[in-house]
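Down below is the structure, laid out as C-alpha cells.
The values are calculated or read from the model by the stated rules, or taken from the named source; none is laboratory data. The model shown is predicted, which means the values in this text are computed figures rather than measured ones. Here Cβ is always computed from backbone atoms with ideal geometry, including for glycine, and neighbour counts include all displayed protein chains. Heavy atoms of the whole protein, side chains included, go into the accessibility calculation; ligands, DNA and RNA do not. Shrake-Rupley method; radii C 1.70, N 1.55, O 1.52, S 1.80 Å.
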Amino acid sequence: MLGWLVGSSAAAVGLLAVLSIAFGLAANRVGERWAAALVGSATLRVGGPADELDARVAAALRVLEGTPGVASARPLSPSEQEALLLPWLGDRLPLEALPLPRLVAVGLEGDGPDADSLARRLAGEVPGAVYEDHGRWRRALRDAAEALSLLAVGAGALTLALLWGIVSIGTRATLDAHRGILVTLRLLGAKDGYITRAFTRRMVLRAVLGAVLGTAIAAGLLLALPRPDRAEAAQGAALTGLIPQGAEWLALGLVPLAAGLAAFLAARRAAQQVLRAVA
C-alpha cells in the first residue's frame, strides 16, 4: 500500500513539476520575444483637432527625419491603427467616429535618438506629439517574464516538498509498524546503516519510477498541444508556446532525478530518526 502511495504521489509530482517548468520556460521565451520585437523601434503619438492632424503629422515627420538615431518614420494607416485597437475595443465600435490620435512607427539605429532632446523639439514644433521609445514596456515585459518564471520554479519546488513529506511520513509509518523486526535485525547483527539503506533504496526506486511516469504523461500532454504556425510564433502564442523548444526538453528530464533526490533525503532522515528512537 505504501509503495503505491509513494509511486502515485511521485507520478503526480512529476506531472505537475514538468508542467510548471514548461510554463516557466514558455513565459520567459515569450517575454524575451516580445521585448526583442520592441528593440530598435519607437512610436510617436500625435493628437489634436481632426482638421490639424495631417499638418501636425507632416511636421513631426520633418522633425524625425532630421534627428540623429532615427532610421525611418512612417505614419500608420487607418486600417493598421484599427488592427491595433481591435483586440481592445472590438469590431462593433465605430472607430472612425472617435477622436483617435495618429500613430507614427519610428525605426531606430544605434542607440536611438536622445529622448529628452527629441521631446523638447516636438513640444516646440508639434503640439500634442508624444514620443515613446518602448523602454518602459521592455522592462515591464522582462519583469513579468521573470516573475512568472519564479512562480513556476516555486510551484515545482512545492511539489517536491510535497513528495518529501509523503516519503517521510510513509517511511516513519512503515518502520514504526515493524519495530519488532528492527529489534530482531539488530540482534542478528544488522547495522543501522544497512537497515536505512534497505528502506531508502525501496523508497527512491518507487519515487523515481513514479516521477518518470508522471514526466512521460506531462511530455505527452505537451506534445499533444497544437504547434504554432509562424504567425503565432512571431506573436508569442500563449497556449501553443508551452511546447518546450530544443534543449529545454533536457530540463524536463531532470524532474525524476530531483524526485529521486528528494525521496532519498526524506527516507534516509526519517529512517535514522526512527532507528535512534528504537530501544
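With semi-axes √(5λ) of the Cα gyration tensor in Å as the read-out, I listed (i) 37, 20, 16; (ii) 63, 18, 14; (iii) 26, 22, 19; which label goes with the value calculated from this structure?
Read-out from the structure maps to (ii).
I'd like the Karplus ³J(HN,Hα) series for the stretch 159-176: coefficients 6.51, -1.76, 1.60, θ = phi - 60°, whole numbers in Hz, and an x wherever there's a Gly or Pro.
Those phi angles translate into 5, 5, 5, 4, 5, 4, x, 5, 5, 4, 5, x, 5, 4, 4, 5, 5, 5 Hz.
Projected onto the charge dipole of the chain (+1 at Lys/Arg Cβ, -1 at Asp/Glu Cβ, origin at the Cα centre), which of Pro68, Ala216, Ala266 gives the Cα projection farthest towards the positive end?
Value: Ala266.
Step by step: find N for the stretch 8-69, compute 2.2 N^0.38 Å, then divide the Cα radius of gyration by it. What's the final number?
2.24
Does anyone have the angle between helix 248-277 and the longest principal axis of the chain? Alpha-carbon axes, 0 to 90°, nearest 10?
Approximately 40 degrees, to the nearest 10.
Using 1/(1 + (r/R0)^6) with R0 = 25 angstrom and r between the beta carbons of Asp176 and Ala147, what's the FRET efficiency to the nearest 0.05? Before the final figure, lay out each step's value.
Details: r = 43 Å, r/R0 = 1.72.
Rounded to the nearest 0.05, the efficiency is 0.05.
For the stretch 138-190, what is the convex hull (Cα atoms) projected area averaged across all directions, in square nanometres?
4.8
Could you report the accessible area of Phe264 in Å², rounded to 10, computed with a 1.4 Å probe on the protein chains as they sit in the structure?
Rounded to the nearest 10, the figure is 80 Å².
Through the Karplus equation 6.51 cos²θ - 1.76 cosθ + 1.60, θ set to phi - 60°, convert the phi angles of the stretch 189-197 into ³J(HN,Hα) values in whole Hz; use x for Gly and Pro.
Listing the rounded values in order: x, 6, 7, 4, x, 5, 5, 4, 5 Hz.
Please calculate how many Å² of accessible area the chain carries per residue, with a 1.4 Å probe and no DNA, RNA or ligand atoms counted.
Values: 16260 Å² over 279 residues.
I get 58 Å² per residue for this part.
If you rank Arg172, Arg62 by how much accessible surface each has, with a 1.4 Å probe, what is the order from largest down?
Descending order: Arg62, Arg172.
Restricting to Cα atoms and excluding each atom paired with itself, what does the Kirkwood estimate give for the stretch 179-219 in Å?
Kirkwood hydrodynamic radius for the stretch 179-219: 12.0 Å.
Could you give each residue of the stretch 147-152 its phi-based ³J(HN,Hα) in whole Hz, using Karplus coefficients 6.51, -1.76, 1.60 with θ = phi - 60°, and x for Gly or Pro?
Result, ordered by residue: 5, 5, 5, 5, 4, 5 Hz.
Could you please put Val212, Val167 in sequence from largest to smallest accessible area, using a 1.4 Å probe?
Largest to smallest exposure gives the sequence Val212, Val167.
Mind computing the radius of gyration and Dmax over the alpha-carbon atoms of the stretch 105-234? Å is fine for both.
Answer for the stretch 105-234, Rg first and Dmax second: 30.0, 97 Å.
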